[in-house]
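Undergrad: Dropping the structure in here first, questions after.
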Amino acid sequence: MASLKELRNRIASVKATQKITKAMQMVAAAKLRRAQLAAEAARPFAQRMERVLSNLATSLKDAPGAPLLLSGTGSQQRHLLVVATAERGLCGGFNSSISRLARDRANKLLAEGKDVQFLCVGRKGADVLRRQFGPRIREVIELGANKQVGYADAEAIAAKVLALYQAGEFDVATLFFSSFRSVISQVPTAQQIVPAEIPAVEAGAEATGGAIYEYEPSEEEILEDLLPKNVAIQIFKGLLENAASEQGARMSAMDSATRNAGEMIKKLTLNYNRTRQAQITKELIEIISGAEAL
Amino acid sequence: MDSFPFELVSPEKLLISEDVQHVVVPGVEGEFGVLAHHAPFMSVLKPGVVKVYKTEGGEPQKLFVRGGFADVNPKGLTILADEATPLDQLDASRIDVLIADAQEDVVEAKTDDERLKAEIRLSHFRQLKAVHG
């Protein structure tokens, strides 16, 4: 049996750990709130963008010379997987579930004889994927660990994706991120970003009141301007969802860690008290038997 | 004067959503003013200043936008800006940063088309600096 001193030390160390996890949980809760606000604030732009795009795209989709970003290259051979994860760990299954989804997809594509490349956003996902797909990782983009994601970050990532697309390096790009349902539920999600998937316009062009739009410059040029922006917006949306999911996952992971530490302290304290009593009893017996011997 | 609903959104947030009388928008082919009952119209924006008149003849609220997109429909005017900052909060150094970026783009442009676009962008920023810098 462990000595009293050892037990005391262990209790102290578990208590210290519990304090840390508790603090991390509270920090995550505060950050989660901020991340949720940011995600909410970004929603109007994405919605309006989608409306405008679907209006334009449906009218131009089948036109000859439609932009490549909309019609695709006509091939499905080479895939780029953009995997967005966190910069830091200690957030439960957050990073691993995203990487697992990406890895499964990559294995499936490879089994079909297709070519797969990775663009990792966030160090944690890259660490996992590097083991299996090392040479296939084109680049790892790191986001600052403590900074909130801004649109500029998304724009920079989109610029890299678009440059690769223009250089003909891939045909289809898919973004992997975790969409935020609630604090206890984050769903890893794959979303195709290139070529753009444009939802069909809701029945009837009621938004325009049936009126005919004027375009400045031409419809095609506007669309060409909008499509790359749409890629950036989709990435931005993914990153924001990811940020909220990460904090949510960290919060629940730290919550259960705190609880586990509490249980452990309880068990150790019980053990400590028992040992202490046993020792007292032993000492008493020694005294009594010593007195009897006289 | 009739007023109409106006929205200014940047990717990061919704900046303005209210009824206004008159908005002047820096379209890529020239500035244009939007009043109530404007014909449906879509335009790409150049970097510049959006002027929002809540009341006719009043002081306009001025906001810098770094390009984007305007959509006028019977329901009102929506501006999707890449980046939007109220002019009085705009740091002069921000424009310098954008100018430096654009200059880099001009140097790095691989095709004539790209270079032309970057040069146009650069000239817009320079104009802006000349007026407000």
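The values are calculated or read from the model by the stated rules, or taken from the named source; none is laboratory data. Remember, it's a predicted structure, so these values are computed and weren't measured experimentally. Positions of Cβ are generated from backbone atoms using ideal geometry, with glycine treated the same way; all protein chains shown enter the neighbour counts. We work out accessible area using only protein heavy atoms, side chains counted, and drop any ligands, DNA or RNA first. Shrake-Rupley method; radii C 1.70, N 1.55, O 1.52, S 1.80 Å.
Undergrad: Restricted to Cα positions, what overall size does chain A have along the principal axes? Three whole-Å values, descending.
TA: 114, 45, 30
Undergrad: Just going by the charge dipole of chain A, with Lys and Arg at +1 and Asp and Glu at -1 on Cβ, which of A:G89, A:L110, A:S13 is farthest out on the positive end?
TA: Of A:G89, A:L110, A:S13, it is A:S13.
Undergrad: Which of B:A102, B:A84, B:A39 ends up with the largest GNM mean-square fluctuation for chain B, with Cα atoms connected below 10 Å?
TA: Result: B:A39 has the largest fluctuation of those listed.
Undergrad: Let me ask something additional. Per residue, how much accessible area does chain A have with a 1.4 Å probe, in Å²?
TA: Details: 15390 Å² over 294 residues.
Using a 1.4 Å probe on heavy atoms only, each residue of chain A averages 52 Å².
Undergrad: Considering only protein heavy atoms and a probe of 1.4 Å, how much of the accessible area of the protein assembly as shown is carbon and sulfur, as a whole percent? It would help to have the intermediate numbers written out before the result.
TA: Working: 11520 of 21960 Å².
Of all accessible area on the protein assembly as shown, carbon and sulfur atoms account for 52 percent.
Undergrad: Taking R0 as 30 Å, what's the FRET efficiency between A:S13 and A:A152 from their Cβ-Cβ distance, rounded to 0.05? It would help to have the intermediate numbers written out before the result.
TA: On the way: r = 43 Å, r/R0 = 1.43.
That gives a FRET efficiency of 0.10.
Undergrad: OK, next. Where nothing but the Cβ of Lys and Arg (+1) and of Asp and Glu (-1) is charged, how large is the charge dipole of the stretch B:4-87 around its Cα centre, in debye to the nearest 20? Walk me through the numbers on the way to the answer.
TA: Values: 7 positive and 11 negative charges, 13 e Å.
So the dipole magnitude of the stretch B:4-87 works out to roughly 60 debye.
Undergrad: Put a dot 7 Å past each Cα toward the Cβ at A:K267 and A:I184; how far apart are the dots in nm?
TA: Calculated label separation equals 2.3 nm.
Undergrad: If I model a spin label at B:K13 and A:M26 as a point 7 Å from the Cα along the Cα→Cβ vector, what separation in nanometres do I get?
TA: So the two model labels end up 2.6 nm from each other.
Undergrad: So, one more: Among the DSSP beta bridges whose two residues both lie in the stretch B:4-87, what percent are antiparallel, rounded to the nearest 5? Before the final figure, lay out the partial values.
TA: Working: 35 of 39 bridges.
In the stretch B:4-87, approximately 90 percent of DSSP beta bridges are antiparallel ones.
Undergrad: Write down the Kirkwood hydrodynamic radius of the stretch B:4-87, to one decimal in angstroms, obtained as one divided by the mean of 1/r over all alpha carbon pairs. Write down the numbers at each step before the final one.
TA: On the way: mean 1/r = 0.0812 Å⁻¹.
Computed over Cα pairs of the stretch B:4-87, the Kirkwood hydrodynamic radius comes out at 12.3 Å.
Undergrad: While we're here: If you take every DSSP beta bridge whose two residues both sit in the protein assembly as shown, what share of them, in percent to the nearest 5, is antiparallel?
TA: Working: 44 of 67 bridges.
Given both bridge residues lie in the protein assembly as shown, the antiparallel proportion sits at roughly 65 percent.
Undergrad: Moving to a separate point now. Quick one: length gained pulling B:K75 to B:D88 fully straight, 0.36 nm per residue minus the C-alpha distance? Each step should come with its number before you reach the end.
TA: Details: separation 13, 0.36 × 13 = 4.68 nm, distance 2.93 nm.
Extra length from B:K75 to B:D88 when fully extended: 1.7 nm.
Undergrad: Separate question: How well do other chains shield peptide B:74-87, expressed as the mean number of their Cβ atoms within 10 Å of each residue Cβ?
TA: Counting other chains' Cβ atoms within 10 Å and averaging over B:74-87 gives 3.
Undergrad: What is the diffusion coefficient of the stretch B:45-115 in µm²/s, taking the Kirkwood radius over Cα pairs and the Stokes-Einstein relation at 37 °C with a viscosity of 0.692 mPa s? Provide the component values of the computation, followed by the final result.
TA: Details: Rh = 14.2 Å.
Diffusion coefficient, whole number: 231 µm²/s.
Undergrad: Pull out a ≥ b ≥ c, the square roots of the eigenvalues of the alpha-carbon gyration tensor of the stretch A:131-175, then state rounded if a/c is under 1.5, prolate if not and a/b is larger than b/c, and oblate in the remaining case. Don't skip to the answer; put the middle values down first.
TA: Values: a/c = 2.75, a/b = 1.30, b/c = 2.11.
Since a/c reaches 1.5 but b/c is at least a/b, the shape of the stretch A:131-175 is classed as oblate.
Undergrad: Using amide H atoms built 1.01 Å from N in the peptide plane, name the residues 5+ places from A:G93, or on other chains, whose amide H lies under 5 Å from its own.
TA: The answer is none.
Undergrad: Let me ask something else about it. Name the residue farthest towards the positive end of the dipole of the stretch A:208-294 from the options A:P217, A:S252, A:N271, assuming +1 on Cβ of Lys and Arg, -1 on Cβ of Asp and Glu, about the Cα centre.
TA: A:N271
Undergrad: Another one. For chain B, with a Gaussian network of springs between Cα atoms less than 10 Å apart, report the residue from B:P26, B:P74, B:P47 with the top mean-square fluctuation.
TA: B:P74
Undergrad: So how compact is the stretch B:91-132: Cα radius of gyration and Dmax in angstrom?
TA: 10.5, 32
Undergrad: In peptide B:104-114, what is the residue-averaged number of other protein chain Cβ atoms found within 10 Å of each Cβ? If you can, show how the numbers build up before the last one.
TA: On the way: counts 0, 0, 0, 0, 0, 0, 1, 0, 0, 0, 0.
Across B:104-114, the average partner-chain Cβ count within 10 Å equals 0.
Undergrad: So which GluC sites (Glu not before Pro) in the stretch B:1-103 are both in a DSSP loop and have at most 15 other Cβ atoms within 10 Å of their Cβ?
TA: Numbers: sites: B:E7, B:E12, B:E18, B:E29, B:E31, B:E56, B:E83; in loops: B:E12, B:E29, B:E56, B:E83.
Here the GluC sites (Glu not before Pro) that fit, given the DSSP loop and packing criteria, are B:E29, B:E56.
Undergrad: Considering only B:V28, B:V107, B:V72, give the residue with the highest GNM mean-square fluctuation for chain B, with springs between Cα atoms whenever their separation is below 10 Å.
TA: Among B:V28, B:V107, B:V72, the largest mean-square fluctuation in the Gaussian network model of chain B belongs to B:V107.
Undergrad: Total Å² of accessible surface buried at the B-A contact, 1.4 Å probe, nearest 100? Each step should come with its number before you reach the end.
TA: On the way: alone 7770 and 16590 Å², together 21960 Å².
For chain B against chain A, roughly 2400 Å² becomes buried.
Undergrad: Considering only DSSP states other than H, G, I, E and B, which trypsin sites (Lys or Arg not before Pro) in the stretch B:29-133 qualify as loop sites with at most 12 other Cβ atoms within 10 Å?
TA: Values: sites: B:K51, B:K54, B:K62, B:R66, B:K75, B:R94, B:K110, B:R115, B:K117, B:R121, B:R126, B:K129; in loops: B:K54, B:K75, B:K110.
Passing sites in the stretch B:29-133 are B:K110.
Undergrad: Averaged across A:36-48, how many Cβ atoms of other chains sit within 10 Å of each residue's Cβ atom? Working shown, then result.
TA: On the way: counts 0, 1, 2, 0, 2, 7, 6, 3, 10, 12, 3, 1, 8.
Per residue, the average neighbour count from other chains is 4.
Undergrad: Suppose every Lys and Arg Cβ carries +1 and every Asp and Glu Cβ carries -1, with no other charges. What dipole size does the protein assembly as shown come out with about its Cα centre, to the nearest 20 debye? The partial results should precede the final answer.
TA: Values: 52 positive and 55 negative charges, 675 e Å.
Here the protein assembly as shown has a charge dipole of around 3240 debye.
Undergrad: In the calculated pair distance distribution of the stretch A:40-152, what percentage of Cα-Cα distances lie above 23 Å?
TA: On the way: 3141 of 6328 pairs.
Result for the distance tail: 50 percent.
Undergrad: For the stretch A:139-294, what is the charge dipole size about the Cα centre, in debye to the nearest 20, if Lys and Arg each add +1 at the Cβ and Asp and Glu each add -1 at the Cβ?
TA: On the way: 12 positive and 23 negative charges, 369 e Å.
Here the size comes out at about 1780 debye.
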